[in-house]
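Since the structure comes first, as structure tokens, the remarks are kept for the end.
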Amino acid sequence: QVQLVESGGGLVQAGGSLRLSCAASGRTFNTYTGWFRQAPGKEREFVAGINWSGDTTIYADSVKGRFTISRDNAKNTLYLQMNSLKPEDTAVYYCAAKSGLYANNPRLYAYWGQGTQVTVSA
């Protein structure tokens, strides 16, 4: 079992920055972790993912060049640095974990946090 708790969401103006954190506990060793988001009326979508060692990352095209995913295994914490935020980035952001390799399908992730709201005003 893996438990995940997100923090760091909030309200920010367009062009601003936020950093999300996800504190993990339980059997976190060798998990693949990712950030997803879900806007009202839309399906949950993949934002970014990172492997256990932290040396391989992948991003959705919509956030590439603006968002950076990282992890600190010593602190059992996953991060998402979000820069140049746009109103279309407004959503509830979730961290998620799975065993094995990369996946962008949320159905393949077994563990989820409760989500944190990010609102970007124009």
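Values in this text are rule-based calculations from the coordinates and carry no lab data. Not measured: the values here are computed from a predicted model. A quick note on method: Cβ atoms are made from the backbone with ideal geometry, for glycine too, and the neighbour counts reach across all protein chains shown.
Of note:
- Picking from residues in segment 1-37 that are free of Cβ contacts under 8 Å to residues at least 60 places away in the same chain and closer than 13 Å to ALA96 by Cα, the one that is surrounded by the fewest Cβ atoms within 10 Å (Cβ to Cβ) is SER25.
- Enumeration of residues in segment 24-49 that are β-branched (Val, Ile, Thr), in contact with a Phe, Trp or Tyr (Cβ under 7 Å, 6 or more places away or on another chain) and more than 10 Å from ALA91 (Cβ to Cβ): THR31
- Qualifying residue in segment 35-44 (condition: closer than 14 Å to THR119 by Cα and in contact with a Leu (Cβ under 7 Å, 6 or more places away or on another chain)): no
- For segment 54-102, filtering for residues that are over 28 Å from VAL12 (Cα atoms), surrounded by fewer than 16 Cβ atoms within 10 Å (Cβ to Cβ) and in contact (Cβ under 8 Å) with a residue 60 or more places away in the chain leaves 4.
- Segment 14-29: number of residues that are over 17 Å from the mean Cα position of the chain (by Cα) and assigned to a strand (DSSP E or B): 1
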